[in-house]
Structure formats: structure tokens, C-alpha cells
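The values are calculated or read from the model by the stated rules, or taken from the named source; none is laboratory data. Just so it is clear, the model here is predicted, and its values are computed rather than measured. Every residue, glycine as well, gets a Cβ built from its backbone with ideal geometry; the counts of neighbours run over all protein chains shown.
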Ligand SMILES: Cc1ncc(C[n+]2csc(CCOP(=O)(O)OP(=O)(O)O)c2C)c(N)n1
């Protein structure tokens, strides 16, 4: 049930190796997907800068992982559910999350969890979103809906109990869920080879009795194709699939991580030419659909739009202590109220 070869449709130069596998999208649609990756890249670059300017507390960069995010998000149906972890900017934006909301999240505001319907909020506790995803998928099938849930996790996350339990439940209940493992080769400083002795992460599907496959996570066309097939199968009652998107985190783990402590610059440099925007751009330019001038202008437009979104977010006001507890529960529970009141006393200098 686990395919032996990694699916790659387009090589690192943007040349299509398997025309028979290219999904039937129009040129305009492929261009639209590429633009979504540029939007994610521009937003990601500006978010990293905003953190360095002290406007965000912390931020986990997505650079290099855009195809693994935009491909599946674009293959989803309008009513499908997205269950993210925390490094899926391209997917959130594609599914309609406002960039200002994402800014608010990393600035520490609870309002940053106000995502649109059918997109769960950012989940930092590793793996905990997986049982939620399977529960949502099971609920869809119990209710007789034909919606599919797409859930994201990182390579490190596959070592959690939640991940294994979720896969097992999904298999047992034939839940309409597609798991996307963004294997970006590192879990903070732990390289993929030290994460598990398993040869691939896709083979973790075997024990759950579900199909698993490795996909070149930097190949937008392959990511779209793999997700489209898995989503279609789930929608028709064929059950879950595990897709290991083989990609690379080109940036540090988070904006406060010194990544050269655990990996060589030369390794990062080796991966840089394989990144997803460059090759999709080559593909589009090869077909006469795009130019460097258009590319630069698009990036500049998305950068300006990102800065505008940040201004909008900051206009929501300064972070107030009550924002820490206001939005999670309808009624603030006693234990939180107690902590909040102690915090206010601390801010007022009454307690050490
Ligand atoms: C339960 C839990 N333990 C530890 C952490 C600290 N932590 C944050 S990110 C991370 C690594 C996650 O690695 P991976 O799943 O590969 O995702 P990536 O960060 O590479 O996207 C860890 C251990 C956490 N957020 N949650």
C-alpha cells in the first residue's frame, strides 16, 4: 500500500517528466496556484521582518515549503476542512485566512485564532491537531456529508502518540481524511534521520492499513496531483491517505533559532535551487505565460499588501491583559480568572 517511488512530475528545472500525470488545470489555473505561492513567500518574508522589528513575538518561517501547502489547499473542495499545525501559511491564506489574523496570532493576540469556518486555528502543541482532524472526518461521514479533512503535521510530529492514534482511528473508521506530513528534514535541531529509524515517513501508513506515499514536496504539480487523488478517494468513501511531502526548511525553525548550530550553510545552499517557486516559475516561463518583470511586480504587490495587513492588525489596538483570556471561552473559567487577576496585580506592581 506504500508506493516505493517518490512522486515527482516536474523536475528541479521546471521540466515536466510525466505529462501523463499532470492534472487537467488550465494555464490560468496553474498561474493562479503559482501566484498563491508568491503571495505566501512575500507574506512570509514580511512576517519574518516584522518579528525582527519587534512587532511579533516569534514567527515560524515557511520559506521553501509553499508547494506542500498551496498544492493540497488548492485541491480541496470549498466545504472541506483544513486542520493545520503552525507552519502552513500558504494553506491558510489559500483557504481564506486573513493575513492580519495570522499577524495577530504571532503578536500574541487571542484574536489571531479567529479563523474562517472550516479552518481550525494554529496548533503549536505538536501532534494534538491529529485526533481533532480524524474526529472531524468521522463526524462528516456519520452525518452523511461528503466533506474531506486535510490535516498537516511536521516530520517531528510523526513521533507523537497523537499521530499514531489518529492514523489508527482513521484506518479503523475509514475516515475521509488526508494527512500531509511536511517533511522539512528537521524538527528544530533534530534531523529527519535521527527522528525515526523508519526508512520513510510514508511507511508509517502501513501499520494503520492505509495508503501512504512520498511526494516531491517542492513540486507544486505533484503535490496538487497527489492531494487531488487522495481527496477524491476519501470523498468517495475510500478512506484516509498519508502523503509525505519531501521538502526542506530553508529558513531557521523560528525567528529566534540559530540554525547554523545544527546544519551547514552548504546543506541549505544545496537545497535552495530545488525550492518550489523557482521551478514553477521556470515551468510557466517555458510556456510563455510569465516573465521576470511580472514576477518582480507581483512580489512587490503582495509585499505591499502584507504590510497593509499588518497595519490593519496593529490598528486593532495595543495588546491588553484581558485579551489573554477574553476569547477562548464564552465564560472565563475560575482558574483562568484567578491567573488573570494575579497577572494584573503583577503588572500593577502589587506582586513580585
Ligand atoms: C507537545 C510539544 N512538545 C514540544 C514542543 C516544542 N516544539 C515546537 S516546534 C517543535 C518541532 C516540530 O517539528 P516538526 O514536527 O518536524 O515541525 P516543523 O517545526 O519542522 O515544521 C517542537 C518540539 C511543542 N510545541 N509541543
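Worth pointing out:
- Among residues of segment 129-144, those that are over 11 Å from residue 176 (Cα atoms) and either without any contact (Cβ under 8 Å) to a residue 12 or more places away in the chain or under 15 Å from the mean Cα position of the chain (by Cα) (or both), counted: 4
- Enumeration of residues in segment 276-293 that are within 21 Å of residue 90 (Cα to Cα) and part of a helix (DSSP H, G or I): 276, 277, 278, 279, 280, 281, 282, 283, 284
- Any chance residue 261 is surrounded by fewer than 17 Cβ atoms within 10 Å (Cβ to Cβ), within 16 Å of the ligand (Cβ to nearest atom), in the same structural domain as residue 194 (by TED's automatic domain parsing) and more than 24 Å from the chain's Cα centre (by Cα): yes
- Residue selection: residue 323 fails the criterion of being under 30 Å from residue 31 (Cβ atoms) and buried (at least 16 other Cβ atoms within 10 Å of the Cβ).
- Single match in 227, 222 (criterion: within 15 Å of residue 80 (Cβ to Cβ), in the same structural domain as residue 266 (by TED's automatic domain parsing), buried (at least 24 other Cβ atoms within 10 Å of the Cβ) and in contact (Cβ under 8 Å) with a residue 60 or more places away in the chain): 227
- Checked against the criterion of being more than 15 Å from the ligand (Cβ to nearest atom), in contact with a strand residue (DSSP E or B) (Cβ under 6 Å, 6 or more places away or on another chain) and under 18 Å from residue 75 (Cβ atoms), the candidates 222, 232, 245, 227 yield just one match: 222.
- Criterion violated by residue 64 - all others in (1) on the phi > 0 side of the Ramachandran plot; (2) under 11 Å from the mean Cα position of the chain (by Cα) satisfied: (2)
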